[in-house]
Structure formats: C-alpha cells, structure tokens
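**Student:** Below is the structure I would like to discuss, written out as structure tokens.
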Amino acid sequence: MWAVFQADRHAASLLYAVRAVLVSADPAGHGEVMTSYDVLYSRAQLLERGAFAIELNGGTALGLQSAARTAEVTGLAPDLDRLDPKDAGYLQDLRDIEPRIAALREGMAQLLLAANQEISLSRVAEREARKVIHDRLGWSAGLLVLAFLGIGLLLVIQLRHLRRAHGRMALLQRRSLQQAGRAKAANAAKSTFLATMSHEIRTPLNAIIGMSYLSLQAGLSGVQRDYLSQINKSGSLLLDM
C-alpha cells in the first residue's frame with residue numbers, strides 16, 4: 001500500500017510541476033518536471049519488480065491495472081526526453097503531454113483505491129481465517145478438557161473395579177483358607193479313622209491267623225485241615241489288605 005501511495009503521490013507531483021510550467025509559461029521549471037518524472041519512474045519500476053502481500057505484478061485485475069500504469073509511466077519517457085526548454089515549441093509540446101500525465105494521475109488514484117480495497121478484503125479474509133482458527137482452537141481445547149474428564153472418570157471407575165476385585169479376592173482367599181482348614185481337619189480325621197480301624201481289624205485277624213495256625217498243628221482229619229488252611233490264608237490276605 002505504501003508503494004502504491006508513493007507512486008500516486010509522485011504522479012501528482014509530476015502533474016503539478018507540468019501545470020506550474022504551463023501556467024507560468026516559464027521553461028525554467030523543466031528541471032523540476034524531469035526530477036518528478038525520474039522519481040515517478042523509479043516508483044513505477046518498484047511496483048513492477050517488488051514482492052508485495054497483494055498481487056501487483058501478476059495476472060489479477062489489480063496486477064493488470066498496476067502493469068498498465070507502469071506502462072503509461074515508461075511510455076512518457078521518450079516524449080519527455082525529447083523536450084528542450086530552449087526550443088520555441090517547448091510549451092506546446094509540454095501542453096500536448098499534459099493530458100496523458102493527467103490521465104496517468106487519475107489512473108494512479110484509481111490504482112490506489114483498488115489497492116486499498118484489496119488490502120481491506122485481505123484483512124477481512126485474514127480476520128475470518130483467524131476467527132476460524134480461534135474457533136477450532138476453542139473446540140479443540142473443549143474436546144481436550146472433555147477427554148481429560150473422560151480419562152479421569154475411567155480411572156475412577158477402574159479404581160472402583162479394582163477395589164471390588166480386591167474385596168472378592170480377599171473373600172475367596174478367606175474361603176480358600178476355610179476350605180483348606182476343613183480339608184486338613186477331614187484328612188486328619190480320616191487318618192485317625194484309618195489308624196483306628198486298622199488297629200481294630202488287625203487285632204482280631206491276628207487272633208484268627210494265630211489260632212488257625214495252632215489248630216493246624218493238632219491232629220486233624222484231612223477235611224478239617226483244609227478248612228483251617230483256607231481260614232488261615234484268607235486271614236493272611238485280609239491282614240495284607
């Protein structure tokens with residue numbers, strides 16, 4: 001915007017210098033005219049070669065308008081360079097060029113307005129884009145807060161589940177200890193029972209085996225000996241069992 005403003009200002013300065021010479025009819029102001037044109041020429045070249053936030057040297061409408069103004073400025077160079085303040089027709093030649101300079105001044109003013117409008121539009125677009133970014137950041141922050149709250153809620157639920165599981169494990173452990181105690185007591189009772197029954201069964205079996213053995217030593221018939229022998233064998237088998 002500053003570059004366009006400078007070009008517009010120096011175009012106005014050139015037009016003012018030309019009209020000052022024409023009004024005073026004094027060619028002595030020719031140096032001021034050429035100085036103003038040289039400055040305007042440099043400003044126009046800057047518009048053509050510079051890198052700006054808005055497109056001044058591309059294919060956009062603003063770029064085409066800027067290129068047209070630059071071409072008008074450079075197109076004045078041959079006519080202004082031919083002017084000779086010592087020539088009798090100097091004032092008439094300058095008067096012939098004045099409409100082109102006035103048109104250039106008007107074109108620069110239009111370029112200034114167009115550049116101002118383009119910058120305003122770009123600022124509006126930038127504010128809109130910034131607003132969208134801020135809204136997205138706000139939504140993202142809100143979602144992040146919700147995510148943290150969800151994670152905290154899940155952690156609380158998990159802690160509750162862990163406490164319940166720990167309670168169930170402790171209950172199962174107590175039950176297991178109780179069952180182990182009952183199983184140990186049952187095993188002890190079984191051992192006691194087996195030891196008692198073994199003793200109680202072994203005592204009469206020893207008497208049966210011993211008395212049958214002694215009876216086999218007495219004088220018995222063959223049938224009686226067979227009967228006692230079967231009793232002795234069966235008692236020995238029961239004793240082994």
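The values are calculated or read from the model by the stated rules, or taken from the named source; none is laboratory data. Just so it is clear, the structure is predicted and the values come from calculations on it, not from any experiment. With ideal geometry, Cβ positions are generated from the backbone for all residues, glycine too; neighbour counts draw on all protein chains shown. These accessible areas exclude ligands, DNA and RNA; they are computed on the full protein's heavy atoms, side chains included. Shrake-Rupley method; radii C 1.70, N 1.55, O 1.52, S 1.80 Å.
**Student:** With every protein chain left in place and a probe of 1.4 Å, what is the accessible surface of residue 191, to the nearest 10 Å²?
**Tutor:** Result for residue 191: roughly 60 Å² accessible.
**Student:** For segment 75-188, what ratio Rg/Rh do Cα atoms give with a Kirkwood hydrodynamic radius?
**Tutor:** In segment 75-188, Rg relative to Rh is 1.89.
**Student:** Hull surface divided by four, with the convex hull built on the Cα atoms of segment 1-142: how many nm²?
**Tutor:** 9.5 nm²
**Student:** OK, next. Does anyone have the angle between helix 90-217 and the longest principal axis of the chain? Alpha-carbon axes, 0 to 90°, nearest 10?
**Tutor:** So the helix axis and the longest Cα principal axis differ by about 0 degrees.
**Student:** Please list, or write none, the lysines whose alpha carbon is within less than 25 Å of the alpha carbon of residue 233, excluding same-chain residues fewer than 8 places away.
**Tutor:** Candidates past the 8-residue exclusion: nothing left.
**Student:** Could you give the size of the charge dipole of segment 135-241 about its Cα centre, using +1 on the Cβ of each K and R and -1 on the Cβ of each D and E, expressed in debye and rounded to the nearest 20?
**Tutor:** Dipole size: approximately 660 debye.
**Student:** Starting from the eigenvalues of the Cα gyration tensor, five times each then square-rooted, give me the equivalent ellipsoid semi-axes of the chain, largest first, whole Å.
**Tutor:** 135, 20, 11
**Student:** Could you give the angle, 0 to 90 degrees to the nearest 10, between helix 30-49's Cα long axis and the longest principal axis of the Cα atoms of the chain?
**Tutor:** Roughly 20 degrees, rounded to the nearest 10.
**Student:** Tell me the accessible surface of residue 84 in square angstrom (1.4 angstrom probe, heavy atoms of protein chains only), to the nearest ten.
**Tutor:** Accessible area of residue 84: about 70 Å².
**Student:** With point charges of +1 on the Cβ of Lys and Arg and -1 on the Cβ of Asp and Glu, referenced to the Cα centre of the chain, which listed residue (206, 221, 152) lies farthest in the positive direction of the dipole?
**Tutor:** So the residue furthest toward the plus end is 221.
**Student:** Size of the dipole of the chain about the Cα centre, Lys and Arg at +1 and Asp and Glu at -1 on the beta carbon, nothing else charged, in debye to 20?
**Tutor:** 3640 debye
**Student:** Can you tell me the orientation of helix 2-24 relative to the chain, as the angle in degrees between its alpha-carbon axis and the longest Cα principal axis, to the nearest 10?
**Tutor:** 0 degrees
**Student:** Under 19 Å from the Cα of residue 86, which aspartates and glutamates turn up, not counting those fewer than eight places away in the same chain?
**Tutor:** Reachable aspartates and glutamates: 26, 32, 96, 98.
**Student:** With springs connecting C-alpha atoms under 10 Å apart, model the chain as a Gaussian network and identify which of 228, 143, 104 has the largest mean-square fluctuation.
**Tutor:** With Cα springs under 10 Å in the chain, the top fluctuation among 228, 143, 104 is at 228.
**Student:** Once Lys and Arg get +1 and Asp and Glu get -1 on their Cβ, which of 113, 46, 195 lies farthest toward the positive end of the dipole of the chain?
**Tutor:** Farthest towards the positive pole: 195.
**Student:** In whole percent, what relative contact order does the chain give with Cα contacts below 8 Å and a gap of six or more residues?
**Tutor:** 17 percent
**Student:** Hey, what's the chain come to in accessible area per residue, 1.4 Å probe, Å²?
**Tutor:** Using a 1.4 Å probe on heavy atoms only, each residue of the chain averages 69 Å².
**Student:** Once you've got the GNM for the chain with C-alpha springs shorter than 10 Å, pick whichever of 68, 180, 28 has the biggest mean-square fluctuation.
**Tutor:** Residue with maximal mean-square fluctuation among 68, 180, 28: 180.
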